[in-house]
Structures are given as C-alpha cells and as structure tokens.
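The values are calculated or read from the model by the stated rules, or taken from the named source; none is laboratory data. Note that the structure is a prediction, hence the values are computed from the model and not measured. Glycine gets a Cβ as well: all are built from the backbone with ideal geometry, and neighbour counts include every protein chain shown. Remember, those area values only see protein heavy atoms, side chains included, never the ligands or the DNA or RNA. Shrake-Rupley method; radii C 1.70, N 1.55, O 1.52, S 1.80 Å.
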Amino acid sequence: MPRLSRFIDTMIQIIVIATLALIPAAFLPLTQDMFIPIKWAVLVASALLIVVLWAIRLVQTGQSDLAVSRASLGFGALSIASLLTLVIVSKSRVDALLDPLGPPTWIAFTILLLFGSYAFSHRAKTVLTWTILLVASALAVTSILTHFQLLQAIAPGLVFLAERSWTPLGTITAIPWAAFVCLPLLITQATEAWRRRDGLLLICVFLVAAVLMTSVSLSMTTPAGDKISLPFAEAWRITAQSFTVPLRALFGIGIENYMSAFTQGRSAALNTSPMWNIRFAESRSLILHVATTMGIAGVAGLLILARSFLTRTKNVLSVISVGAPILVLLLAPPSLSLLALLVGVYLVTKEQDKIIPIRIPSHLSWLRVATVLLAIGIAGTGIYAGGRAFASELVFMRSLRAREANDGQATYSLQIQALNVNPWNTRYHVAFSQTNFDIANVIARSAREQNADVNQQDRQAITTLIQQAIREAKTAVTISPNNILAWENLAYLYQNLTRVAQGADQWAVASYQQVITLDPTNPLLRLSYATLLSDLGDKDNAFIQFQTTASLKPDYALAHYSLARIYRERQQYLPEAGALAETLKLLPGGSQDEAQVQSELAAAKARLTDEERAQIEQLTGGQQATSSSQLLSPLPETPPELEPKLELPTESSPGALP
C-alpha cells in the first residue's frame, strides 16, 4: 500500500476516534447553548474532512473502500427519513438543518461509519475502547467535582460551574445513560483481563467502573428541579396525537417543530406539576422524539440502527452487552453525546458486515479528478454554511452579554451582525424584535421621567423602532409559522403597543387567537389574553378566558383573583368572595398579597347575608396551600401612553401571515 494511502487511513482513524471522544466532552461558553453548537460543529466538520481524505485516497490509488454495516444502514435510513421530512413537512428548513437531530447529524454519523471505519484495525479498536472509557471517566470525575462544588473553587470566574447539575454532556440526566453505554466495553475488557490474568488491566477496569458508579449515584441525589425532563406519559401522548394526521404519521411534524407538537399535545394535567410553565424542545426518549418529528419513516431507521447491536448471546454478560446499547438508543433522551458513545461502542464490539471496494480504472483519470473536486465542493459548501451558522451564534451570544450589561447600542449592532450572517434564524429575529421595542420603551420612559412630552425627533425614533420590532416579529412568524415562541412574541408585542399605536389592540387579539391555537392548554397565555380583553373593555370574553385559566391551572392565584375583580364589577358578591377565598388559600402566608386579599375578602363578606358568609367561612377554613403564587401579571411593564397615538402603516398589522 502506498505511503500516502497508509497515512490517510491513519488520519481517518484518528479523526474518527477524536470525534467520538470530543463530542461528549466538548462545550463552549461563547454560544447561547454552550453544548449543542460545538458538539454539532465537531461532528459535521469531522465528517466533511473524512470525505475529502477518502476522496484523495481514491484519486491517489484509484481504489478505496466503504464499510457497509448494519449501523451505517441504520444511520443511512435515518438520513433519508430526515431529508424526506425536511422536504415534505418542514416549513423552516434552515432551523431544521441546524437542529441537533436534523439531516446533517444523521448524514455525518453515516459518513463516520461508511467512509471512516473501513480501515479500523484491532489496535485502533483498542485505542478507541480506552479513549471512550477515559472520556467517560473524565466526565464522571467532572460530575463528582461539580456536585461537591469543587470546580467552582478551582475556577470561580466560570459562573456555570456553580450549578451542581452541570456536566459537559449537557444534561445531568445523561450521566446514568452514558455509564450504561460503557457497560459492553467494561465487560469486554474485564473478561479479557481475567482470561489473560492481567491484574493491571483488571484494576483499571475496576477504577473506571467505580468512578462511573459514583457519578451515577451522586446524579441520583441531585434535586429534582435540576434534572427536569418530560414525563413518559406526556411524551407518549404527544407522539400519539401527532400520529392522528396521516402525513405526520408518515413523516412527522417536522424536525424543528417538537416544541410545537408539545404545546399542541400536552395535557392540562401537566399544569399541576412543577413543570407547568416549561416548554420542552425534545421528547423523553429518542424513539419518541424521532417518531414525533420524523414519523414512521424515522422510527424505521432507528429500529434498523437498534437491530445492528443484536447478536447471539451465550450468557448473562453477553445479554447485558447487547441489551445496554439498544436500551440507551431507544429509551435515553435525545443526545449527540450518547449517539457518539453508541457509535464508538459499535465500532469496538461489532465486526463490519461487508467491505465494498470502490475502483476507478486508470483510463478514467478524469473521473478521479471529478471525484476529488466533488468531495472538496461538498465539504467546502458544508463548512461554509455550517461556519456561518456557528459564527452567527458567537455574535448573537455577544449581543446577549451586551444586553445583560444594559448596553442597548452594542446589543442592537451585534444582533444586526448576527442577522446579516444568518438571516434565517427565527431566534435572532425574535430577539431583535424585542431589542427594538425595549429601546423604544426606554426613549418614551426617559421623556416621561423628565415630565416632558415626547418631542418630534424622539417620536419619529420610537415610530421607526416599533415598526422594526413588528417587522422582525412578523419575519420570525413567516420563517417559522409553527413556532410558538415567535407567535407569542408577536402577540405580546402588539399587546404592549395598545397604549402607543392605533390598531394594535385588534392586532393583539388576532395574534393571541393564533397563539392559543398553537398552545391551547397554557394558562399563562390564557391569562395574558384575558388581561388584554379586560383592558379593552371586553369583560364578558375576558371572564370566559379567566375561567378557562382557572380550570387549566386550579392553583393559579392570579386567575382566581382576576375572576373576583370581574364579579365585583358585576356586583356578584358571593362569587367574588368565593374567588377571593380560593385566592387566599393559594398565597404564601404573611405576604403583602395575602394581607391585600384578606382586606378585600372582608369587604366582600360585609355585603353578604349570614348564610352566605357561613359558606365562605367553610371555604377559608381549609389548610392554606404551600404555594409561591403571587398576584403579579405575567406581562412585563407596559410602556407609557403616547398622545396622540402613533399611526403605523398597514403592513404593521398581522396581515396575511401563515
């Protein structure tokens, strides 16, 4: 074999091993999500580099190999399923492509197996085995140190290390699953050490196992609030509801739309749990996530991948070695880190099914050149597009830090830069919309604090900023019509403009109607919508929405208090007293809110008959709830009223949005 070919084979093996080791451990605090962007970038960049090296080898020798295995077929099937979902279902295709479980991820893992494992020697497998075990051990040690807050003492400047649940894996719930993935490797190495009577190897295996078990045990003691995940029953319900539409059953709701599936499919029972105001962007397990976002096509690919780990078992240890990866693949939460560990375990424990040689005859030299140019073109395009997406994340994070520092000018400029680099990111448009509104709000409040009217120059600036805020909010909705966060931002924006701009009240009502369609069981949205209707004087519909809020979340104090106020306006004092009594039970004892409600309840009871007061006394006689509910509106403080109101152009209305 020519020296260059051997060098390329070695480089490909090194890249595969380094990639599978880096993905679980990589994190970068320079992006909004310090885990996913860097892990995704490492995976995709490595896959593209392998394609180029493989093509160079093919050109140099006229021959190269493809390692066709069951795992490569499984990832290939997932790649095809994700591409079908992207083309047929997805509305925001850029968001889908940049999703951590989008087509680039599945294609990259396919490349690692198909192009990168054909030359995997026994030595390379041994190196990969201990690389995975050492990385898993390092992650476990990191988790242990973080649990006892020792890392914070070592690096006090890194604020995120203060969280006892922090781990490079991205979520503490992945720690037990990562340890479980390593079981086949530990069993294999322990068996080998016992067979060879290798005491040193046996000690190393024991130490790795002990560290992993310690980290798993400590992760189990982490407070429930630090390891929140969607309950299996809710995840199953969401997947089942998405299957009620035939097209979604086949190809899913869209790779980027799991949060939309969650908001439309979640049950009202979730509102009684501590997770009531959390929107989940991923399912409880990978198979349910894939089923929801990619439908039956995705599930078929995942089952093919799971089938690749099945082999004949001879004893209990063999059953564990086979079953552990399958259980992780199907039941563990979606995670790039776990997928990388699973691929590593597969490469070590399974033999390649078939090596297919690819040859280009010498008389077709032009085809060799075309092959390498095609590979370089694909890699270059992928690196350019992925690089722009990653660069925009870095700029956007800088804008968020500027916002935290109350530097409005820097925030504004950096968000424009991020949008110039990646104008198709829904999240950037939502943030820029909020930035424009906040700056307009600051200008209006500054004039009010000086007890002066807004001058013509400031009025024009406010008008321009509000128009930009609306335009960006509408752009976000247009790019991603199923994105609940984009619609919610548009509705809140219009609601905040009701005292500032003409027509904003009706625009807000129209937007809220769409938001509630996308998230029908959300009590916060219902309460905000009811507050808007009440402010607009539509008390009857506001009353209906407040009632709906209270039924969706019976322990929501503000919903009951809002109902009491409407009862008071209607001079229905018995229902008012009942609503106030219910409110009182939900407020923390000794709070200012409790004193206020007690005063209002006393005034309401003074208007009742003795029999009616007795009924209310029975309601207030129950045990007070240990709740942190407050009588605070979920909406931010509205801007000061402008007179005369701004006249915005017709394109500022919701218009013919999707």
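Quick one: would you say residue 383 is among the aliphatic types (A, V, I, L, M), farther than 27 Å from residue 279 by Cα and without any contact (Cβ under 8 Å) to a residue 40 or more places away in the chain?
Taking the combined requirement at face value, the residue does not satisfy it.
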Cβ contacts < 8 Å: first residue in a loop (DSSP other than H, G, I, E, B) and aliphatic (A, V, I, L, M), restricted to segment 267-291; second residue crowded, with 22+ Cβ neighbours inside 10 Å and at pLDDT 95 or above, any location; separation 6+ or different chain. Result? 281/258; 281/262
Residues being surrounded by 17 or more Cβ atoms within 10 Å (Cβ to Cβ) and in a helix (DSSP H, G or I) - total across segment 189-235: 15
Residues of segment 97-119 being open to solvent by less than 30 Å² (accessible area, probe 1.4 Å) and of a type in the set (A, V, I, L, M, F, W, C), which ones? 101, 106, 108, 109, 111, 112, 113, 119
Against the conditions (1) surrounded by 15 or more Cβ atoms within 10 Å (Cβ to Cβ); (2) closer than 30 Å to residue 48 by Cβ; (3) of a type in the set (Val, Ile, Thr), where does residue 126 fall short? Just the number, please. (1)
In segment 496-524, the residues that are surrounded by 21 or more Cβ atoms within 10 Å (Cβ to Cβ) and more than 28 Å from residue 253 (Cβ to Cβ): 496, 497, 498, 500, 501, 504
Counting only residues that are under 25 Å from residue 348 (Cα atoms) and part of a helix (DSSP H, G or I), how many does segment 63-102 have? 10
Given the criteria open to solvent by 60 Å² or more (accessible area, probe 1.4 Å) and more than 26 Å from residue 271 (Cα to Cα), does residue 592 qualify? no
Of all residues in segment 129-161 being part of a helix (DSSP H, G or I), more than 21 Å from residue 180 (Cα to Cα) and among the hydrophobic types (A, V, I, L, M, F, W, C), the one that is least open to solvent (accessible area, probe 1.4 Å): 161
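Among the listed residues 359, 427, 388, identify the single one that is surrounded by 15 or more Cβ atoms within 10 Å (Cβ to Cβ) and out of contact with any His (no Cβ under 6 Å at 6 or more places or on another chain). Walk me through how you get there before you give the answer.
On the way: 359 fails: surrounded by 15 or more Cβ atoms within 10 Å (Cβ to Cβ); 388 fails: surrounded by 15 or more Cβ atoms within 10 Å (Cβ to Cβ).
427 is the lone residue from the list that is surrounded by 15 or more Cβ atoms within 10 Å (Cβ to Cβ) and out of contact with any His (no Cβ under 6 Å at 6 or more places or on another chain).
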Give me the helices (runs of 4 or more DSSP H) completely within segment 373-479, filtered to those with at least 3 residues that are out of contact with any Cys (no Cβ under 8 Å at 6 or more places or on another chain) and farther than 18 Å from residue 31 by Cα, ordered by residue number. 426-449, 456-479
Quick check, is residue 117 under 18 Å from residue 357 (Cβ atoms) and in a loop (DSSP other than H, G, I, E, B)? yes
Count, please, the residues in segment 530-583 that happen to be touching an Asp or Glu at 6+ places or on another chain (Cβ under 6 Å) and closer than 20 Å to residue 520 by Cα. 1
When you scan segment 12-65, how many residues do you find that are surrounded by 18 or more Cβ atoms within 10 Å (Cβ to Cβ) and on the phi > 0 side of the Ramachandran plot? 0
